[in-house]
Amino acid sequence: MGIGDWFKRLLGGEKEMSRVPQLATDAQMERILSAMHEARAPLDHSYPRHRFIQCYSRQGRVAVLVEFGLEKSHTAESPEFTEISRSIAMHIAVLNPQSKPALLRQRYDKDPTATVEAALAAVATKFGDRITITRFVRWDTQPQPPSLLEPAVAMRQGRT
């Protein structure tokens, strides 16, 4: 498909293009800009443009690193973001989520009516930024006993 065919499709087909040349209407410009943005989106590898790492150590026994992805660097300098990033790191240290999706679904300790994902989204909305948790890692000097729900433990206890 050539560029002419592409614009014909965006502007509404052959009939629309056969008129006397005119400026595109607002609706046509919206379609053009939307299509250009969609075409560019898969190629935009720049998100997150900025990364911020929050660390937390609890009594020298548990340590956590959380990496946040941000579009705007000034968001990381705000007290609200610093507070929520530290709170999420403490949350990981205490509750030991097994994955990023599990973390995002957990109740946020500062506001039990919201999830971690909702609390992060509220701060992102306040700054007009996109904030994500890129990854996290938790170290513990005293390994946790295996969960009773693990299959190997269940088999040893004769529950299968």
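Every number here is computed from the coordinates shown, using simple stated rules; none is lab data. Every value quoted in this text rests on a predicted model; they were computed, and no experiment measured them. For neighbour counting, all protein chains shown are included, and Cβ atoms are generated from backbone atoms with ideal geometry for every residue, glycine included.
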(message) I need the phi-derived Karplus couplings for the stretch 104-121: 6.51 cos²θ - 1.76 cosθ + 1.60, θ = phi - 60°, integer Hz, Gly and Pro marked x.
(response) 5, 7, 6, 5, 7, 5, 6, 9, x, 7, 10, 8, 4, 4, 5, 5, 5, 5
(message) Calculate the FRET efficiency for residue 73 and residue 109 from the Cβ-Cβ distance with a Förster distance of 30 Å, rounded to the nearest 0.05.
(response) 0.65
(message) Taking the Kirkwood radius as the inverse of the mean 1/r across Cα pairs, report the Rg/Rh of the stretch 50-140.
(response) 0.94
(request) Step through the residues of the stretch 71-88 one at a time and calculate ³J(HN,Hα) from phi using the Karplus curve (6.51 cos²θ - 1.76 cosθ + 1.60, θ = phi - 60°), rounding each to whole Hz and writing x for Gly and Pro. (result) 8, 10, 5, 5, 4, 5, 8, 7, x, 5, 5, 4, 5, 5, 5, 5, 5, 5
